[in-house]
1. Scaled to the compact-protein estimate 2.2 N^0.38 Å, what is the alpha-carbon radius of gyration of segment 2-48, rounded to two decimal places?
2. If I build a Gaussian network model for the chain, linking alpha-carbon pairs within less than 10 angstrom, which residue out of 42, 104, 28 has the largest mean-square fluctuation?
3. Can you compute the charge dipole magnitude of segment 58-161 about its Cα centre, using +1 on each Lys and Arg Cβ and -1 on each Asp and Glu Cβ, nothing else charged? Give it in debye, rounded to the nearest 20.
4. Using DSSP H assignments, which helices in the chain have an axial alpha-carbon span of 30 Å or above and a mean Kyte-Doolittle hydropathy of 1.0 or higher?
5. Tell me, what is a quarter of the convex hull surface for the C-alpha atoms of segment 58-161, in nm² with one decimal?
6. How do 22, 6 line up, fewest other C-beta atoms within 10 Å first?
7. Sort 21, 101 by Cβ crowding within 10 Å, fewest neighbours at the top.
8. Any idea how far apart residue 143 and residue 159 come out in nm if each label point goes 7 Å out from Cα toward Cβ?
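Please treat every number below as a calculation from the coordinates, not as lab data. Every value quoted in this text rests on a predicted model; they were computed, and no experiment measured them. Note that we place each Cβ from the backbone using ideal geometry, even for glycine, and neighbour counts take in every protein chain shown.
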Amino acid sequence: MIRRILPYPPLSLLLLLLWLMLNQSLSPGHLILGFILAVLAPLMFARLDPPILRAQRPRAMVQLAAVVFVELVRSNIAVARIVLGAKQKGAAGFARIPLHMRSPYGLAMLAIILTATPGTIWVHYNPMSGVLVLHVLDLIDEQDWARIVKQRYERLLMEIFE
């Protein structure tokens, strides 16, 4: 019975506490609004019915974190050179990358990685064809970017999430 009203009790408690802290008030009005938020938000989240997360292979997680860190540093330096006036090797453009990964968590993580990396932005993903459109600030070879994404990120993400 309680699980139907509060499907995620820790989330409800966290939301109530967060509401009260953000408003810096324990007035009856804020307590009531916080309680309503704490009940309704998890109910709406439960309706989304997210797939069960099955992250595996901690070694692959550490390896992915290291690859992402190195790539973030390298990309920051490359973009800084372009912004500061160094000659750009390629031109801004779009790379179409066919992906084999279908895990929503893996795709979300890939979107975060690619968008957080300076010089690249996740533009569109077609779930029917599995093609990702990626905007690259310094695009020289589309196939090279496909190889980079597939070997550096997709392989490890599939190992972790699929």
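1. 1.12
2. Taking springs between Cα atoms under 10 Å, the residue moving most is 28.
3. It works out to roughly 120 debye.
4. 28-48, 58-83
5. That works out to 6.0 nm², a quarter of the Cα hull's surface.
6. Going from least to most buried by this count: 22, 6.
7. So the residues, fewest neighbours to most, are 21, 101.
8. 2.6 nm
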